[in-house]
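Just below is one structure, and these are the notes that go with it.
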Ligand code: M6R
C-alpha cells in the first residue's frame, strides 16, 4: 500500500526512482509522483494512473538531479487524481514530501494551519505534514529555542540540523501511522526520512543511499539494508546515513542485514506473471519452510521461546490474521485442536483488537501475516501482549514490523522467498506448512502425540512438495476447465468444503474474486441448504473440495443437492477416486494425503483455476484493481 523510494547519489534520480517504484508496483497504487532537487529548485511530476506514465515522460523529458523522492499512492483520503498524488508541496514549493500511512488528526491540523494562512490544494491527509514542516522551517529561531531534543538538535551545528529538527517537531503533532521522506530545496543533497507504524528501509550503497518501502526497490543498488526502527528518523546523504531515535539521539549501531535473495527472485523469470511463477515456486517454498524442522526425533522450533512446561500449561490459543493468512489460521485451528488438544479461536485481526478478547498469560497468540506489515494484525498483537499473552508471529518477510522485538515475543519464518503478486499463493501453503510444524511442536510438548506419530506426520509433510510438482504437471487440464464458458462467463460462484476443506474453499473463493472479479462465496457444504442453495441454477458454477477424508461422503451428498438444481460442478478430489469422475462436470485430481495434510495439495488447483479464469477475462492478475499487497491502514 503506497510505495516510497528516495535516492541520494550520483545517478539520475528520476531513473532510479522510476525503477525503484516499478519494483514496488505489487503493493498496489493508483497514481505516481516524483520530486527532484534540481539546480533551479524542486522539479515535481505527478499523475494519476500507472507508472507507464512516468516511463513515457522520462522518454521525452530529461529531468536533472541526483537526489529525489518518489511515490506510488493507493488512495485513502481523496480520489486517485493528479492533485492528490504525492509528492505534496508547501505553499511556496520549497519542500516536498511523500507519505505512506494515515494521519488520523489531519482534519484538526488542517483547520489550524488554514487559520494560520496555509492554503491546501488536495484532499489528502498527507498535505498537512508538509504545511507543518513549512511552519517549522519558517521560524528557525523558534526551532532553536525549543527547550527539548528538537531545540538541542537544531542548535547542534549539524549540516541538516534545521530540517531534521523541523521533521522531529512536525511528527510530534501527528496521530496515526507514517513513513515519510522529505526533500527541501535549501538542502538539496540530503533527504530526511521518518517512520511510525508504516514500513521503511534504508539501502546502504557505495556513494549512494536509498530509502524505500520494501527491499526490491533498492536491490539493483545494494544488498545491505537497514530497517528503520519504529519511531526513528534517518538523514540520508550520498556519503552516509545518520540514524536517529525519536529523541534525535544518534543510533550508533543500526541493525544492518545482508539480503540473501537476489533481484532475480523478485523478477518473473520467464513466467507470464508473478502469480504463475509463485504458484510454481510452491514446492521449493515448502521444502525451505520444512527444512530442519524435525531432527533427532524432535520437532525443531526454537523460535517459539516458551519451554515445554509453558507450552503444556497453555489453556488456549488465539490466532489472528487477515485475508489469506486468516484462512491459514483456520487450517491451523484444526491441526492444533486435533494434535495438541488445545482450544483454538481464530479471529480476523481487525475484529480481534476491538473485541476485548479473552486472552491472558495462559493464552498463546499466533499472528499470521505474510508481509509482517498488516496494521490490523500488528495492533492485534499489541493488544494481546498488553493483556499479558505471549504473541508469536508467522511471517515471510525478514525484518518486517511484526518481527521487531517491540511487536512480538518471537517469529517463525516461512521461507517462501519474495511474493510479488498481490494474490497470496506460495506464502499461503508455506504458512500452512509452518503451522503444521507449530502444531506438532505443541503436541510434542503436551505429549498428545507419540514420537512415532509425529515422525510419521513429518514424513508425509516432506512428501507434499513432490505432490505439488505432480499437480503442476496437469495445469493444462485446469486451464481448459477454467477457460470453458461456464466458468469464465459466470457472474457468481459457490465454493464448498467440509472440515479442513472449508478454509480451502474460502481461499479458493478469495483467489477467484480478487483476481477475476467474479463473485465467489464459500460455505461449509452442510450449511448450503440453509440459504445459499437458493442462488443455484445452471449459471452458477459450484466448486467442491472433495478430497478423501471423514466427511467425503457428506460433501458428495451436498454436491448432489446442487446438481439437482442444474449447477455445473467442479471438484478437487483425491487421485484414484474414479467414481467421482462420472458424477461431476470436471475433476482436478490431487495426490492422496491424510486428511489433515490435504489443505496444501487441495489449494494448488484452486489457485490455478482462479489464475486461468482471470487471465481469460483479461485481468491483471498481479495487480488486481483496488488491492494492495501490504495493507498498512486500518
Ligand atoms: O501480509 P498479510 O498476510 O498480513 O496480508 C493479509 C491479507 O491482506 C492478504 O492475505 C490478502 O488477503 C491476500 N493478498 C489475498 O490474496
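Considering only residues that are part of a loop (DSSP other than H, G, I, E, B) and more than 35 Å from the chain's Cα centre (by Cα), look in segment 99-145 and name the one that is surrounded by the most Cβ atoms within 10 Å (Cβ to Cβ). It comes out as 118.
Collect the residues in segment 522-540 that are without any contact (Cβ under 8 Å) to a residue 40 or more places away in the chain and either over 28 Å from residue 471 (Cα atoms) or within 16 Å of the ligand (Cβ to nearest atom) (or both), keeping them in residue-number order. Working first, answer last.
Residues of segment 522-540 without any contact (Cβ under 8 Å) to a residue 40 or more places away in the chain: 522-534, 537-538.
Once the filter is applied, which keeps residues that are without any contact (Cβ under 8 Å) to a residue 40 or more places away in the chain and either over 28 Å from residue 471 (Cα atoms) or within 16 Å of the ligand (Cβ to nearest atom) (or both), segment 522-540 yields 522, 527, 528, 529, 530, 531, 532, 533, 534, 537, 538.
Checked against (1) within 22 Å of residue 323 (Cα to Cα); (2) free of Cβ contacts under 8 Å to residues at least 24 places away in the same chain, residue 560 meets all criteria but (1).
The single condition among (1) part of a helix (DSSP H, G or I); (2) within 16 Å of the ligand (Cβ to nearest atom) that residue 422 does not meet is (1).
Rundown of residues vs (1) touching a helix residue (DSSP H, G or I) at 6+ places or on another chain (Cβ under 9 Å); (2) crowded, with 16+ Cβ neighbours inside 10 Å; (3) in a helix (DSSP H, G or I), yes/no style:
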| site | (1), (2), (3) |
| --- | --- |
| 486 | no, yes, yes |
| 499 | yes, yes, no |
| 511 | yes, yes, yes |
| 523 | yes, yes, no |
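Among the criteria (1) more than 16 Å from the ligand (Cβ to nearest atom); (2) farther than 26 Å from residue 435 by Cα, the one residue 543 does not fulfil is (2).
Number of residues in segment 241-274 that are outside any loop (DSSP other than H, G, I, E, B) and out of contact with any strand residue (DSSP E or B) (no Cβ under 7 Å at 6 or more places or on another chain) equals 5.
Can you confirm whether segment 530-552 contains a residue that is more than 36 Å from the chain's Cα centre (by Cα), at pLDDT 95 or above, in a loop (DSSP other than H, G, I, E, B) and buried (at least 16 other Cβ atoms within 10 Å of the Cβ)? No: zero hits.
Taking residues in segment 82-109 that are in the same structural domain as residue 374 (by TED's automatic domain parsing), and partners anywhere that are in a helix (DSSP H, G or I), not one pair has Cβ atoms closer than 7 Å while being at least 6 places apart or on different chains. Do the conditions hold for residue 579, that is, is it closer than 21 Å to residue 474 by Cβ, modelled with pLDDT under 95 and either in the same structural domain as residue 531 (by TED's automatic domain parsing) or buried (at least 17 other Cβ atoms within 10 Å of the Cβ) (or both)? The answer is yes for residue 579. Screening 325, 350 for residues that are within 14 Å of the ligand (Cβ to nearest atom) and surrounded by fewer than 24 Cβ atoms within 10 Å (Cβ to Cβ) leaves exactly one candidate, 350. Of all residue pairs spaced 6 or more apart or on separate chains, those with beta-carbon atoms under 6 Å, a first member in segment 43-59 that is surrounded by 18 or more Cβ atoms within 10 Å (Cβ to Cβ) and a second member that is assigned to a strand (DSSP E or B) are 43/36; 44/35; 45/34; 46/33; 48/31; 51/32; 54/32. In segment 410-430, the count of residues that are surrounded by fewer than 17 Cβ atoms within 10 Å (Cβ to Cβ) and either in contact with a strand residue (DSSP E or B) (Cβ under 6 Å, 6 or more places away or on another chain) or farther than 28 Å from residue 622 by Cβ (or both) is one or more. Across segment 489-516, what is the number of residues that are within 25 Å of the chain's Cα centre (by Cα) and either within 11 Å of the ligand (Cβ to nearest atom) or under 22 Å from residue 626 (Cα atoms) (or both)? So the count comes out to 11. Going through (1) within 28 Å of residue 75 (Cα to Cα); (2) exposed (fewer than 14 other Cβ atoms within 10 Å of the Cβ) one by one, residue 148 falls short only on (1).
Conditions (1) away from the ligand (no atom under 14 Å from the Cβ); (2) under 24 Å from residue 343 (Cβ atoms); (3) not in a loop (DSSP other than H, G, I, E, B), marked per residue:
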{"site": "417", "(1), (2), (3)": "yes, no, no"}
{"site": "438", "(1), (2), (3)": "yes, yes, yes"}
{"site": "443", "(1), (2), (3)": "yes, yes, yes"}
{"site": "448", "(1), (2), (3)": "yes, yes, no"}
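Residues that are farther than 27 Å from residue 102 by Cα, outside the structural domain of residue 598 (by TED's automatic domain parsing), at pLDDT 95 or above and within 16 Å of the ligand (Cβ to nearest atom) are absent from segment 377-395. Taking residues in segment 416-439 that are over 23 Å from residue 215 (Cα atoms), and partners anywhere that are more than 11 Å from the ligand (Cβ to nearest atom) and part of a loop (DSSP other than H, G, I, E, B), the pairs with Cβ atoms closer than 8 Å and at least 6 places apart or on different chains are 437/293; 437/301; 438/301; 438/304.
The values are calculated or read from the model by the stated rules, or taken from the named source; none is laboratory data. The structure displayed is predicted, hence computed values, not measured ones. Note that we place each Cβ from the backbone using ideal geometry, even for glycine, and neighbour counts take in every protein chain shown.
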